[in-house]
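The values are calculated or read from the model by the stated rules, or taken from the named source; none is laboratory data. Since we're looking at a predicted model, the values are computed, not measured. All Cβ positions, glycine included, derive from the backbone under ideal geometry; neighbour counts span all protein chains shown. Ligands, DNA and RNA are excluded from the accessible area calculation, which covers all protein heavy atoms including side chains. Shrake-Rupley method; radii C 1.70, N 1.55, O 1.52, S 1.80 Å.
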Amino acid sequence: MFEALRKAIVPIIVIVLVFFLGMIILQWGLDLGRGNRGSQAVVAGSVNGEDISWQALSDVSRNLYQSEQKKSDEDISEARYRELELQAWNQLVAERLLTQEARKRNIVVTDEDIYTYLKVSPPQFLLQAEIFQTNGSFDRNKYFSALADPNYTQMWAQLEPQLRAEMLKLKLQLLVTEAVHVTEGEVEQSFLDANERVKIGAVNIQKRRFDTLVTQPTAEELQTYFEANRNNYKVGERVILQIAKASKEASERDLEEARTLALTLYDSAKAGADFAELATNWSEDPGSAAKGGDLGWFGAGKMVHAFDSASFAMKDGEISEPIKTQFGWHILKHFGYRMDDPPATAKSKAKIKKAHVSHILIKTNASPETLIRATDCLDTLLVHAVETDFPAAAASLNQEVIVTEPLTEQTRSIEGLGYAPSVLTWAFDNEVGAVSNVMETNSDFCVVYIQQKLPEGLAEFDAVQEQVEADMRSEAELQFCRDTAQVIYNTVEAGTPLPKVAGRFGMTYEEIGPFTRATRLSKLSADPKAIGAAFALTELSKAAPPVEYSNGAVIMELLEKDSPDLTQFEERREAISDSLLLSKKQQMYSNWFNHVFESSDIQSNVGRRQ
């Protein structure tokens, strides 16, 4: 047991860390496909040179899978399992990045830190632990007694590594956000944003109303517009690459071997072999293999077409011949049907027919031998490229090479290669003439040569012609909005009420609100300019000049204005300040973590293991 549990401790300021306990580290949607070491890699990936093992990934994936399984009676699909595996990978990457950052800053966690953390802010799993419950609620006396009871020493010792890792992250979070503060002006503005309300009458003239009135610009008009606004069309640095690739597709031999194995297993199952045992030993569906292939009960349309059709055509106890889908060969065993009531939210009250099926999946992936053969030609190319250069080596080996169009770092798809962010990351990190090692995308291995780098500058017309046309149309639509809004406003100024003028011009007069600055006002696209103009109105029932905003132009008049009670502000000042501080700290931490991630070397083989 760590020493702090055997002595009294002095309070330290850790309670400020509590607000991070509910933070989900991966809320920023990490994109981790930035590289890998090939499908034969012995590790799941690495973070700044530190490996993450397949075993570590498997352990976290299993926990996520088991947690998900408890939420549903239906089996988790293979696609969902892969999503959970990626979620597990993201979690491990985040933890490794945070551990590395803590190490850089010499952050340490003492026994007293852990004890104070446990005492001040018990983790959620301890709050819910049965041994600390009385009548279904957390019993703080039981909990504090356990902290000091030598009989619980082993339990706390087992929890220590998890708690120490969590505390390390919390200390790092505190360090990153310690400079964040809020001003008095920010607190007051936050109060006004949430409590000052206005109700307006508005004639909202949206650009899309005039879409059919805008004529198609001619080539000459597009060119003229482009030349007049050329500074608006800039491009960043671009690269032109030469790429030699080798497909990761399964060979004919791989496909035949998978089919043969599926037929053999089918024959065994038909001959009386235990289907669940066959599935456990042979199925490559990780979600169901552990359960003897059992997929549970599911309704029609929940599986891919061929699988779904067979599932609802078979009889109770029947075993299907191998069925081919994009996932491989499936052998199904049927356990009958049942009729379930529809969900309470369903429009139809008809009962739903469900099937109970187990399956064995034999995938049709490329074998390790096939993948090795696929990379052999690229390895040979690399050897020759060292002796001469990449273009000459490719020519001497008759290796087909893809020459790309100029690519930016934001390019979503490379012609002939598809989505390959790791290729782009490497290309922009290296110089002209550089040759990559063998790299991997979802469907190919490749070697990349940087042929040319183009500096940032003004775009050429051909590269942005579609954008030029869209901008011209948008500007023309906005001009219609301006002209229409001005005519309406002039008529109102001449003495006609805004609702009547709106009807005269075929427009709609709407009463909007009451709303606050913090309200998401879809009718004005939550545009800050439009919302700000609404709160700037001071005179009731007097139309203000048209305001242009992102979707067009709007003419508004004030109908009601509710100014907040400033005595309430004084009462709530501290709570508002705390809430605003929390929000700013979370944003600061999010920005910091994004920067750490973007500047890190993250290599991933997840989803590519054979």
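A DSSP coil position with no more than 16 other Cβ atoms inside 10 Å describes the following GluC sites (Glu not before Pro) in segment 409-492: GLU409, GLU415, GLU431, GLU456, GLU460.
The protection proxy used here, the mean number of other Cβ atoms lying within 10 Å of each residue, ranks peptides 204-212, 182-190 as follows, highest first: 204-212, 182-190. Of the cross-linked pairs LYS333/LYS363; LYS245/LYS324; LYS199/LYS584, those separated by over 24 Å at the C-alpha level are LYS245/LYS324; LYS199/LYS584.
Beyond 47 Å, the tail of the calculated P(r) for the chain holds 42 percent of the Cα pairs. The mean of 1/r over all distinct Cα pairs in segment 218-305, once inverted, gives the Kirkwood hydrodynamic radius of 19.4 Å.
Each residue of segment 586-596 is assigned a 3J(HN,Hα), and the resulting list reads 4, 5, 4, 5, 4, 4, 5, 5, 4, 5, 4 Hz, derived from the Karplus form 6.51 cos²θ - 1.76 cosθ + 1.60 (θ = phi - 60°), x at Gly and Pro.
Amide H to amide H, with H built 1.01 Å from N, SER367 comes under 5 Å of SER251, counting only residues 5 or more places away or on other chains.
Taking the 1.4 Å solvent-accessible surface of the chain as the whole, the part contributed by carbon and sulfur is 50%.
Largest to smallest in accessible area, the residues SER422, SER348 fall in the order SER348, SER422 (1.4 Å probe, all protein chains included).
Taking Cα pairs under 8 Å and at least six residues apart, what relative contact order does segment 531-610 come out at, in percent?
On the way: 34 pairs, mean separation 14.0, N = 80.
Relative contact order of segment 531-610: 17 percent.
Using the alpha carbons alone, the radius of gyration of segment 395-445 stands to its Kirkwood radius in an Rg to Rh ratio of 0.94. Reducing segment 275-338 and segment 198-268 to their Cα centroids gives an inter-centroid distance of 36 Å. Taking all protein chains together and rolling a 1.4 Å probe, ASP59 ends up with roughly 60 Å² accessible. The listed residues CYS377, CYS481 rank as CYS377, CYS481 when sorted by accessible area, largest first, using a 1.4 Å probe. Backbone geometry of segment 352-368 corresponds, through the Karplus equation with coefficients 6.51, -1.76 and 1.60 at θ = phi - 60°, to 3J(HN,Hα) couplings of 10, 7, 10, 10, 10, 9, 10, 8, 10, 10, 10, 6, 10, 7, 5, 6, x Hz, x marking Gly and Pro. The lysines whose alpha-carbon is closer than 17 Å to the alpha-carbon of LYS169, local same-chain residues fewer than 8 away aside, are LYS104, LYS585.
Would you rank VAL448, VAL547, VAL383 by solvent-accessible area, highest first, keeping every protein chain in place and using a 1.4 Å probe? Let's see the in-between values first.
On the way: VAL448 0, VAL547 25, VAL383 85 Å².
Accessible-area ranking of VAL448, VAL547, VAL383, largest first: VAL383, VAL547, VAL448.
Contact order, relative form, for segment 374-433: 16 percent (alpha carbon pairs under 8 Å, 6 or more residues apart, mean separation divided by residue count).
Please give the solvent-accessible surface of ASP316 in Å², to the nearest 10, using a probe radius of 1.4 Å with every protein chain present. Roll a 1.4 Å probe over it and ASP316 shows about 110 Å². Listed by chain and number, the lysines whose C-alpha is less than 16 Å from the C-alpha of LYS353, apart from same-chain residues fewer than 8 away, are LYS302, LYS315.
Considering only protein heavy atoms, what per residue accessible area in square angstrom results for segment 283-420 with a 1.4 angstrom probe? Walk me through the numbers on the way to the answer.
Numbers: 7430 Å² over 138 residues.
Computed with neighbouring chains in place, this is 54 Å² per residue.
Among the protein heavy atoms, those of HIS305 account for about 150 Å² of accessible surface (1.4 Å probe, every chain in place).
Extension gain ALA470-TYR419, at 0.36 nm per residue separation less the Cα-Cα distance, in nm?
Working: separation 51, 0.36 × 51 = 18.36 nm, distance 2.62 nm.
Taking 0.36 nm per residue and subtracting the Cα distance, the gain is 15.7 nm.
Helices in the chain, meaning DSSP H runs of at least 4 residues, each add -39500 (n - 2.57). Divided by all residues, the mean residue ellipticity at 222 nm is -14500 deg cm²/dmol.
When ligands, DNA and RNA are left out and all protein chains stay put, how many square angstrom of accessible area per residue does segment 175-237 have with a 1.4 Å probe?
On the way: 3630 Å² over 63 residues.
Result: 58 Å² of accessible area for each residue.
Note on segment 332-380: Cα convex hull, mean projected area over all directions, 7.0 nm².
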